[in-house]
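> This is the structure I have questions about; it appears just below.
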Amino acid sequence: MGRSFHALWFGTGAANLGDGIALFVLPLLALGVGASPGGVAAVTAALTLAWPVFGLHAGWIVDRVDRRLLLGGVNLGRAALLAGVAAALLTGTLSLELLLGAAVLLGAAETLADTALTSTIPMVVGPEGRNRANARIEATINLTNQLAGPPLAGLLAAVSLALATGLSAGLYALAVAGLALMALRKGPVSSGNTQVVAGFRHLWRQPVVRTLTLFTAAMNIPWAVSTALFVVYAVAPGPLGLTPAHYGLILTGMAVGGLIASAVVERLRLRFGTTRLLIADAVGTVLLVLPVAVDAPVWAVAAGAITAGAGSSVWRILVATIRQNLSPPDLLGRIYAASRMISWGVIPVTAALAGGAAEIWGVRAVFAGATVVSIAVLVAFVVYAVYYAPMRDA
């Protein structure tokens with residue numbers, strides 16, 4: 001894949017391991033400064049505000065600057081920010097307000113880093129290698145951010161929260177060192193269009209990218225329901241009666257499913273084609289929520305979750321490659337940011353509505369509604385994927 005891709009790959013791994021640790025530690029730090037449950041939730045919410053608020057501007061920035069310098073600068077900024085949090089903790093000056101500010105800045109940094117990452121891959125890998133490149137990046141994110149990061153953070157936090165926070169800062173700095181070895185093939189050729197909304201307009205006019213973005217948003221509705229309410233259903237005194245450790249194993253299984261899928265997605269694509277794999281992910285979304293809706297046994301719930309985790313990785317890899325191949329290089333950052341803003345914008349709204357609905361009708365009823373949505377999306381996507389030939393060849 002070349003030295004530049006491997007430098008990007010290494011930097012992505014180091015930064016995402018830092019992410020996994022930081023996302024685990026920040027709520028613990030909030031508890032440590034005496035925050036209420038609402039305060040802890042506010043820290044988590046602050047981390048997710050950036051996409052709907054700042055996403056389009058992040059895409060504009062990525063398309064206007066040197067992406068290697070941007071990735072290095074963002075990771076250096078995250079390293080300095082978390083080093084400051086660790087120092088405040090050690091000196092006894094850490095507060096909830098400081099943590100909220102740090103969470104907002106980390107969320108904004110994530111929009112820049114994620115947008116720059118997906119926009120840089122076409123500059124270090126040719127079209128024939130992009131599925132493999134996206135698969136390796138996706139597998140690395142699953143491994144570092146979801147599998148290795150939280151357990152490592154838990155071990156370190158048991159010793160010292162400052163140690164865990166400091167290691168996260170060090171990993172961001174290590175990512176900068178790796179990215180310094182990257183050389184981009186060429187910068188994006190500017191079309192002279194510098195508008196913030198140019199990526200959104202192009203996305204909306206490009207039928208394949210637009211449709212896949214809308215389907216991603218639709219499938220994120222049942223995913224948001226699961227994210228918001230699955231813990232309530234799964235962990236005792238919920239109906240499934242799991243311990244927190246067993247609940248954690250299901251989440252780990254989802255990450256493992258995603259990791260395995262990332263490793264084999266290119267071989268599966270060559271054998272079955274892009275269309276069938278995307279349809280399989282839509283089936284996986286149904287299996288994420290259907291077992292809960294019908295009060296299935298724990299093995300069926302776990303199997304559905306693992307299948308959904310694998311399908312989600314396949315979807316992200318293939319859709320990323322389609323978007324990269326169908327987008328002008330000088331607009332790719334803004335197109336990705338617009339796509340993410342649409343597809344992720346439904347998550348906080350759906351989660352809030354799901355919580356309110358569960359208070360009235362119960363958790364299983366909300367999962368039943370999510371199942372109806374996921375089946376409708378599956379049927380609509382099968383119709384689209386089978387009869388819309390350009391998507392198959394994108």
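> Work out how far the C-alpha atoms of the stretch 35-172 reach from end to end along every principal axis, then list the three figures in whole Å, largest first.
Answer, in whole Å and largest first: 51, 31, 26 Å.
> While we're here: Which order results if 360, 375, 137 are arranged by neighbouring Cβ count within 10 Å, fewest first? Mind showing how you got there, number by number?
Values: 360 8, 375 17, 137 23.
Least crowded to most crowded, the residues run 360, 375, 137.
> Sequence-distant or interchain residues sharing an amide H contact under 5 Å with residue 242, placed H: which?
Long-range HN contacts for residue 242: 235, 236.
> Another question about this same structure. Quote the convex hull volume per residue of the chain, based on C-alpha atoms, as a whole number of Å³.
Details: hull volume 50.9 nm³, N = 394.
Once divided by residue count, the hull of the chain is 129 Å³.
> I would also like to ask the following. The stretch 297-328 to the stretch 50-113: how many Å between their Cα centroids?
The stretch 297-328 and the stretch 50-113 have Cα centres separated by 27 Å.
> If you don't mind, there's one more thing I want to ask. If you build a Gaussian network model of the chain, linking Cα atoms that sit under 10 Å apart, which residue out of 294, 377, 43 swings the most?
Evaluated over the chain, the most mobile residue of the options is 294.
> Moving to a separate point now. Taking the Cα centre of the chain as the origin, how large is its charge dipole in debye, to the nearest 20, when only Lys and Arg (+1) and Asp and Glu (-1) carry charge on their Cβ atoms?
Dipole about the Cα centre, nearest 20: 1100 debye.
> Positive end of the charge dipole of the chain (Lys, Arg +1 and Asp, Glu -1 on Cβ, about the Cα centre): tell me which of 134, 328, 285 has its Cα farthest that way.
328
> Here is a follow-up. Mind sorting 264, 159, 346, 314 by how few other Cβ atoms lie within 10 Å of their own Cβ, fewest first? Please report the intermediate quantities before stating the final value.
On the way: 264 14, 159 9, 346 18, 314 24.
If I rank by nearby Cβ atoms, fewest first, I get 159, 264, 346, 314.
> Which residue, 331, 17, 96, tops the fluctuation ranking in a GNM of the chain built on C-alpha contacts under 10 Å?
96
> Among 222, 263, 296, whose Cα lies farthest out toward the positive end of the dipole of the chain, if unit charges sit on the beta carbon of Lys, Arg (+1) and Asp, Glu (-1)?
263
> Still on this structure, I have one more. About the Cα centre, and with charges only on the beta carbon of Lys, Arg (+1) and Asp, Glu (-1), how big is the dipole of the stretch 3-179? Nearest 20 debye, please. Show your work: numbers first, answer last.
Values: 8 positive and 8 negative charges, 73 e Å.
In total the dipole reaches around 340 debye.
> Restricting to Cα pairs below 8 Å that are 6+ residues apart, what does the relative contact order work out to for the chain? Please round to a whole percent.
It rounds to 27 percent for the chain.
> Here is a further query. Find how many whole Å separate the alpha carbon centroid of the stretch 117-140 from the alpha carbon centroid of the stretch 219-270.
After rounding, the separation between the Cα centres reads 25 Å.
> Only helical DSSP H runs with n ≥ 4 go in: add -39500 (n - 2.57) per run for the chain, normalise by residue count and round the 222 nm mean residue ellipticity to 500 deg cm²/dmol. Provide the component values of the computation, followed by the final result.
On the way: 16 runs with 327 residues, N = 394.
Mean residue ellipticity at 222 nm (helix-derived): -28500 deg cm²/dmol.
> If you don't mind, there's one more thing I want to ask. Could you give the dipole magnitude of the stretch 198-393 about its Cα centre, charging the beta-carbon of Lys and Arg +1 and that of Asp and Glu -1, in debye to the nearest 20? All intermediate terms of the calculation are to be shown ahead of the outcome.
Values: 13 positive and 6 negative charges, 124 e Å.
Computed about the Cα centre, the dipole is about 600 debye.
> Can you put 343, 313 in order of Cβ neighbours within 10 angstrom, beginning with the fewest? Intermediate results must be reported in sequence, preceding the final value.
Values: 343 20, 313 27.
The most exposed by this proxy come first: 343, 313.
> Shifting gears a bit: Springs between alpha-carbon atoms under 10 Å, Gaussian network over the chain: tell me which of 118, 321, 93 tops the mean-square fluctuations.
93
> How big, in percent, is the set of alpha carbon pairs in the stretch 150-307 lying more than 19 Å apart? Kindly include the intermediate steps, with their values, before the conclusion.
Details: 8981 of 12403 pairs.
Within the stretch 150-307, distances greater than 19 Å cover 72 percent of Cα pairs.
> Any chance you could list the semi-axes, whole Å, largest first, of the equivalent ellipsoid that the Cα gyration tensor gives for the stretch 198-393, using √(5λ)? Mind dumping the intermediate values first?
Numbers: eigenvalues 181, 70, 43 Å².
Each semi-axis is √(5λ); the values are 30, 19, 15 Å.
A short reminder: the numbers here are calculations on the coordinates, not readings from a lab. Quick caveat: nothing in here was measured; it's all calculated off a predicted structure. In this analysis, Cβ positions are derived from the backbone assuming ideal geometry, glycine residues included, and neighbour counts consider all displayed protein chains.
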